[in-house]
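Visitor: Got a structure for you, questions after.
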Amino acid sequence: MEVNPSLQPLPIKNKLASTPKSSPQFHLKVKNNKGEENLLVDPKATRAMVALMNQHAVIGGAAAHWGGPAAFAEIMSSVHGYMFQESEKQWYQNFNFVNDAGHTENGVYALRANYGFDDLTIESLKGFRSIDSKLTGHGESHLNPQGVYISNGPLGSGLPQAQGLAIADKVIGNNRVTICTISDGASMEGEAKESFAAIPGLASKEKLNPFLMLVSDNNTKLSGRIDQDSFSMSPTFESLESLGWEVITVKEGHNLFNVHQEIGNALDKVKANPKKPIAIIFKTIKGYGVKSTEESASGGHGYPLKPFDEKLSAFVSEIYDGEVPEVFSKWVQEIEDAKPVESPAKKASNGPVNEKVQPGLARAAIRATKEGLPLFSISSDLQGSTGIAAFHKEFPERSLDIGVAESNMVSTAIGLSKQGLIPMIDTFAQFAITKGNLPLIMSSLSQGPIIGLLSHTGFQDAADGASHQATTYFSTTASIPGVRVVSVSCSKEAEAYMYQAIQEFKKGQETDKNVYSYLFFYGRENFPEYYNESETYEWLKPQTLIQGKDALIVATGPMVSKALKAHDILLEKGIKVTVVNHPFVNEIDNSYFANQLTSNQNRLVTIEDHQIQNGMGSLLTQSLKINGQEFRYKAIGNKGQFGQSAYKADQLYALHEMDEVALVKAVEDLVKQ
């Protein structure tokens, strides 16, 4: 008779930093639910530190979050007070802590620096979002395993991972409580809603260890008020009880005493009865502590101050009701003293203006709509970032924000397409190719094509960090039958191809021939509005930007500018290269490229803001090889790495050898062979 062996987990070392030995520097004395006095981080200190560390980030050229960490300050203060209380065990042996609300991670950094957790200090915070810091835009375990157990960023993904931790603890026999903090916006995601049902369902069958979910409910997402832009989340939270949760509502989510009492009571209850997980809904105010952000429709989601903003001192003073601790006053002064002397304004150039790629896409959609085509925009809270907000403003009756739900957005668009509309979806590329990937496949299977506007490709989303940086967007979409991938490099190109894609979409649907979805991928930063003023942007054709004879450089998207810079450097060295912009990544014009290779000594270098494996270069060279073309080849791109935060994409390009310097070296190596 066989005997089942006992379950022994692999001996994986927990890398989280140990429990802080000191009390927080800036603290308040608050009684817990047992009447004991705890020293908790002063939420005002957290908000002030977030405001000041954000200032360093924006000075460096990055964006940062304010509204979320301001809303969560009391919740995080209380949670850490319980987790970091004295115990014979390390804090992480008693608790799993998962912060699903990645846009609040800077608030966690600030709070923990107050404790000196993992040797974090104010000086550490000053490096926030820089390429030299592990304090990334969202929490990343691969760079900061001492502070982040489960990486965050894509909303809603942390809760099911926390569910997995609680299941594992039950199976293994660990005596540990899982705590997950999550926002109301993240609660719109399908992943989150699946766990809303699964956690109590499994707990009732004794399959989970104690589970506590803490929700910050302020009816606010990035683009505005949830119930006004999309729909009310109240029914969702009301349904938790019927799903099996014990639901507690705390109406004053910024009353630290009340918050601390309720979390303490919930921890005691859930430990006593693991079969009943607890959800506490805290009514919070996004951007709390500063009136202007409290009243803003977005709750000051993004940090509202500019570099060296003269409002900084007043901003911090308002957080503290005018009584700012000396440490923070000196920090403000340090920033003000570092303000550089303004240089005389440069005369306007006669060349192309610099702007984001995004406006071109919106201009084309607006034009086609005014011409009578039935375009309809379905967004998932990022229309301001992807550029389609201009269309929403022009045609509000043809626009819908479905909430923070990318998979739902794409699937909804399929239904619109089947009814004869031309649906446009938009989000960050990373969210489209992950959360929206199966619906993109189903779009082709259902013969319901869509047009996708998918921004912030690759390292272009520098400051937000690896969780937001799509580095596999070609490989995950270019092989889907019925999908044409268009990688655009500038606003004029985007406008031209978007307008043509709409016309092709119309023609395909009406004739039932050559029916395609069109996925536009583009960056975040500013680029020249065009690279060749006389370019005609012929459909499905590469663009010859500069004709040379010594080597062929093929670039796409944001890397076109790198290719042109490399051309200028190489020209000074006597090497004349051809530079080609290849926007139609999975439509290879083999004849064109064969002729170019023949004219350029059969030397080829590709450059892309994407993984080298299965990227644009892979697609191109495979097609050429299948057609019998012989050439020598170098590939510039991501070599199988995750990214990290940086102030600017160029810093990541240099770090990963994906810039004009690497491109010049690759060409020189080919020429020497």
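The values are calculated or read from the model by the stated rules, or taken from the named source; none is laboratory data. Only a predicted model underlies this, so the values are computations on that prediction, with no experimental measurement involved. Because the Cβ atoms are built from the backbone with ideal geometry, glycine has one as well, and the counts that use them run over all protein chains shown. With ligands, DNA and RNA removed, areas are computed over all heavy atoms of the protein, side chains included. Shrake-Rupley method; radii C 1.70, N 1.55, O 1.52, S 1.80 Å.
Visitor: For region 105-238, rounded, prolate or oblate, judged on the Cα gyration tensor with a ≥ b ≥ c (square roots of eigenvalues), a/c < 1.5 rounded, else prolate if a/b > b/c?
Guide: Here region 105-238 falls in the oblate category.
Visitor: Using alpha-carbon pairs under 8 Å, 6+ residues apart, how would you state the relative contact order of the chain in percent?
Guide: Computed over the chain, the figure is 12 percent.
Visitor: Rounded, prolate or oblate for region 286-440? Axes are the square roots of the Cα gyration tensor eigenvalues, ordered a ≥ b ≥ c, and the cut-off for rounded is a/c under 1.5. Write down the numbers at each step before the final one.
Guide: Values: a/c = 2.91, a/b = 1.77, b/c = 1.64.
In terms of gyration-tensor shape, prolate.
Visitor: Quick one: angle between helix 326-337 and the longest Cα principal axis of the chain, in degrees between 0 and 90, rounded to 10, please.
Guide: So the inclination is approximately 20 degrees.
Visitor: Show which aspartates and glutamates lie in cross-link reach of Lys170 when reach means a straight Cα distance below 13 angstrom and same-chain residues fewer than eight apart are skipped.
Guide: Straight-distance partners of Lys170: Glu206.
Visitor: Work the Kirkwood hydrodynamic radius out for the chain: mean of 1/r over every pair of different alpha-carbon atoms, inverted, in Å.
Guide: This gives a value of 26.6 Å.
Visitor: Leaving out ligands, DNA and RNA but keeping every protein chain, what accessible area does Ser124 have, in Å² rounded to the nearest 10, with a 1.4 Å probe?
Guide: So the heavy atoms of Ser124 present about 40 Å² to solvent.
Visitor: Would region 1-71 count as rounded, prolate or oblate if I go by the C-alpha gyration tensor, calling it rounded below 1.5 in a/c and otherwise prolate when a/b exceeds b/c, oblate otherwise?
Guide: oblate
Visitor: Could you give the C-alpha radius of gyration of region 408-455 expressed as a fraction of 2.2 N^0.38 Å, taking N as the number of residues it contains?
Guide: Rounded to two decimals, the normalised Rg is 1.01.
Visitor: May I pose another question? Do any of Lys507/Lys625; Lys291/Lys339; Lys221/Lys291; Lys126/Lys306; Lys541/Lys573 go past 21 Å between their Cα atoms, and which?
Guide: Over 21 Å apart, Cα to Cα: Lys507/Lys625; Lys291/Lys339; Lys541/Lys573.
Visitor: What is the helix-to-structure angle for 406-418, meaning the angle in degrees between its Cα long axis and the longest Cα principal axis of the chain, kept from 0 to 90 and rounded to the nearest 10?
Guide: Helix 406-418 sits roughly 50 degrees off the main axis of the chain.
Visitor: Relative contact order (percent) for region 490-548, with alpha-carbon contacts under 8 angstrom and 6 or more residues of separation?
Guide: 44
Visitor: Okay, next question. Binning at 10 Å from 0, report for region 1-152 what percent of all alpha-carbon pair distances ends up in each bin.
Guide: 11, 39, 32, 11, 4, 2, 1
Visitor: Per residue, what accessible area does region 258-393 have, given a 1.4 Å probe and all protein chains present, in Å²?
Guide: Numbers: 6910 Å² over 136 residues.
Result: 51 Å² per residue.
Visitor: Over 28 Å between C-alpha atoms is what I'm after, so list which of Lys193/Lys648; Lys44/Lys393; Lys134/Lys634; Lys565/Lys634 land there. Show your work: numbers first, answer last.
Guide: Details: Lys193/Lys648 35 Å; Lys44/Lys393 37 Å; Lys134/Lys634 32 Å; Lys565/Lys634 18 Å.
The pairs that break the limit, which is 28 Å between Cα atoms, are Lys193/Lys648; Lys44/Lys393; Lys134/Lys634.
Visitor: On to the next question. Go through region 9-68 and name the trypsin sites (Lys or Arg not before Pro) that are in a DSSP coil and have 13 or fewer other Cβ atoms within 10 Å of their Cβ.
Guide: Lys13, Lys15, Lys21, Lys34
Visitor: Right, another one. Mind checking the per residue accessible area of region 1-145 for me, 1.4 Å probe, whole number of Å²? Provide the component values of the computation, followed by the final result.
Guide: Working: 6020 Å² over 145 residues.
Accessible area per residue, region 1-145: 41 Å².
Visitor: Okay, next question. In whole angstrom, note down how far apart the Cα centers of region 424-456 and region 572-592 are.
Guide: 28
Visitor: In whole Å, what is the distance between the alpha-carbon centres of region 86-121 and region 204-225?
Guide: Going from one Cα centre to the other spans 19 Å.
Visitor: Excluding residues on the same chain fewer than 8 positions from Lys311, give the aspartates and glutamates whose Cα lies under 13 Å from its Cα.
Guide: Reachable aspartates and glutamates: Glu336.
Visitor: In nm, to one decimal, how far is the modelled label at Ser446 from the one at Lys565, with both set 7 Å along Cα→Cβ?
Guide: 4.3
Visitor: Right, another one. Taking the Cα centre of each part, how many Å lie between region 378-421 and region 301-319?
Guide: Region 378-421 and region 301-319 have Cα centres separated by 33 Å.
Visitor: May I ask you to give the average projected area over all directions of the convex hull of the Cα atoms of region 508-652, in nm² rounded to one decimal? If you can, show how the numbers build up before the last one.
Guide: Working: hull surface 43.2 nm².
Hull-based average projected area comes out at 10.8 nm².
Visitor: Please report, as a whole percent, how much of the solvent-accessible surface of the chain comes from carbon and sulfur atoms (probe radius 1.4 Å).
Guide: Ligands and nucleic acids excluded, carbon and sulfur reach 49 percent.
Visitor: For Lys205, go through the aspartates and glutamates and keep the ones whose alpha-carbon is under 18 Å away, minus same-chain ones fewer than eight residues off.
Guide: Asp169, Glu194, Glu241, Glu246
Visitor: His456 accessible area, nearest 10 Å², 1.4 Å probe?
Guide: Accessible area, nearest 10 Å²: 10 Å².
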